[in-house]
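Peer 1: Next up is a structure, given as structure tokens.
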Amino acid sequence: MQGRRAAVAAASGGLGFASAKALADEGALVVICGRDRGRIDDAAAAIGHGCIGLVQDVADAPGGQAFIAAASEALGGLDIVVANGGGPPAGNFESTPLDSYATALDLNLLSVVGMAKAIVPAMQAQGWGRFVAITSLSVRQPMANLILSNTARAGVTGFLKTVAREVAKDGVTVNSVQPGLHATNRLLSLYGGDGAGAAAGIPAGMIGDPADFGGVVTFLCSEQAKFVTGLQLHVDGGAFGGLQ
């Protein structure tokens, strides 16, 4: 990973931060973004290794494209992009109004499309690239009361699989990682800081360590993963109960 240039979206905390730190620890030059200047500066300092923090909202395609352009300018190009973003509001079919779907698609589908359109052609031209999106286990196993996330993230998974097959011959891999429950501040706040409570029903008997998740993302961005593309990898402690 030494000297590779990486951009990680929405990385002021959580799994985005963990992925950025893992990449930086392995020698990558990393640019991250978030919406709050204080939080993104703190995150960049915690990541270290010269990490650059940018203020940018990636809640839609123009925001995703703007982040890629700024990160590419900062590093003189990009070899790795980790697409990430927050989730849309909870709700079910009955409670979710129609106009909420467009916002969710902007956030969890079109933002990723925008990032890919902004960087994948350049990766193809240089003959090497890694594009990894952090999505959700809900792609494989739709989660109750998360109809917006279930819908949008399933769409981006189809997009990524299609792009992966088109650009594989050019030395560019495109994959997604589908996290189950991990010990992020957001998750722990939902369970009153009780990780054991969140782990109920997970065969591994625990929730995931974000640092381990970052290591999985980093592997997919490595040279050794050059033959791994079009993958949707669930990282969930065995929570997914299906065969595929």
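Peer 1: Taking amide H atoms as placed 1.01 Å from N in the peptide plane, list the residues 5 or more away in sequence, or in a different chain, whose amide H sits under 5 Å from that of residue 146.
Peer 2: Under 5 Å from the amide H of residue 146 lie the amide H atoms of 91, each far enough along the sequence or on another chain.
Peer 1: Taking every pair of alpha-carbon atoms in region 7-141, give the share separated by more than 24 Å as a whole percent. Intermediate values should be presented prior to the final figure.
Peer 2: Working: 2563 of 9045 pairs.
Value for region 7-141 (Cα pairs over 24 Å): 28 percent.
Peer 1: Something else about it: For region 158-172, what does the Karplus curve 6.51 cos²θ - 1.76 cosθ + 1.60, with θ = phi - 60°, yield as ³J(HN,Hα) per residue in whole Hz, taken in order and with x for Gly and Pro?
Peer 2: x, 4, 5, 4, 5, 5, 4, 5, 6, 10, 4, 5, 9, x, 10
Peer 1: Also: Mind listing which chymotrypsin sites (Phe, Trp or Tyr not before Pro) in region 88-128 are in a DSSP loop and have 11 or fewer other Cβ atoms within 10 Å? It would help to have the intermediate numbers written out before the result.
Peer 2: On the way: sites: 93, 101, 128; in loops: 93, 128.
Passing sites in region 88-128 are 93.
Peer 1: Compute and list, largest first, the equivalent-ellipsoid semi-axes of region 5-235 from the alpha carbon gyration tensor, each √(5λ) rounded to a whole angstrom. The partial results should precede the final answer.
Peer 2: On the way: eigenvalues 131, 83, 65 Å².
Ellipsoid semi-axes (Å, largest first): 26, 20, 18.
Peer 1: Round to a whole angstrom and tell me the spacing of the C-alpha centers of region 122-201 and region 1-57.
Peer 2: Spelled out, the Cα-based centre of one part sits 18 Å from the other.
Peer 1: Just for the chain, what percent of DSSP beta bridges are antiparallel, to the closest 5? The partial results should precede the final answer.
Peer 2: Working: 0 of 27 bridges.
Just about 0 percent of them are antiparallel.
Peer 1: Amide H neighbours of residue 236 under 5 Å, counting only residues 5+ apart in sequence or on other chains, H built in-plane at 1.01 Å?
Peer 2: Distant-sequence amide H within range of residue 236: 180.
Peer 1: Starting from 0.36 nm per residue, how many nanometres of slack lie between residue 94 and residue 165 once their C-alpha separation is accounted for?
Peer 2: Numbers: separation 71, 0.36 × 71 = 25.56 nm, distance 3.68 nm.
Gain on extension, residue 94 to residue 165, equals 21.9 nm.
Peer 1: How much net charge surrounds residue 107 when only the other residues with a Cβ under 12 Å from the Cβ of residue 107 are counted, with Lys and Arg +1 and Asp and Glu -1?
Peer 2: On the way: positive: 153; negative: 57, 60, 106.
Taking every Cβ under 12 Å from that of residue 107, the sum is -2.
Peer 1: Something else about it: With label points built 7 Å along Cα→Cβ from the Cα atoms of residue 41 and residue 232, find their separation and express it in nm.
Peer 2: For residue 41 paired with residue 232, the spin-label model returns 4.1 nm.
Peer 1: Right, here's the next one. How large is the direction-averaged shadow of the alpha-carbon convex hull of region 74-131, in nm²?
Peer 2: So the Cα hull casts an average projection of 5.0 nm².
Peer 1: While we're looking at this one, here's another question. Specify the residue with the greatest mean-square fluctuation among 160, 137, 187, computed from a Gaussian network of the chain linking alpha-carbon atoms under 10 Å apart.
Peer 2: With Cα springs under 10 Å in the chain, the top fluctuation among 160, 137, 187 is at 187.
Peer 1: So, with +1 on the Cβ of K and R and -1 on the Cβ of D and E, and no other charges, what is the size of the charge dipole of region 1-88 about its Cα centre, to the nearest 20 debye? Spell out each step's value before the answer.
Peer 2: Working: 6 positive and 9 negative charges, 9 e Å.
It comes to approximately 40 debye.
Peer 1: Now, a different point. Cross-link candidates for residue 226: which lysines have Cα within less than 19 Å, leaving aside residues fewer than 8 places away along the same chain?
Peer 2: Partners within reach: 161, 169.
Read the figures in this text as sums done on the coordinates, not as results from a lab. It should be emphasised that the depicted structure is a prediction, and the values quoted were computed from it without experimental measurement. FYI the Cβ positions are ideal-geometry reconstructions off the backbone, even for glycines, and counts take in every protein chain you see.
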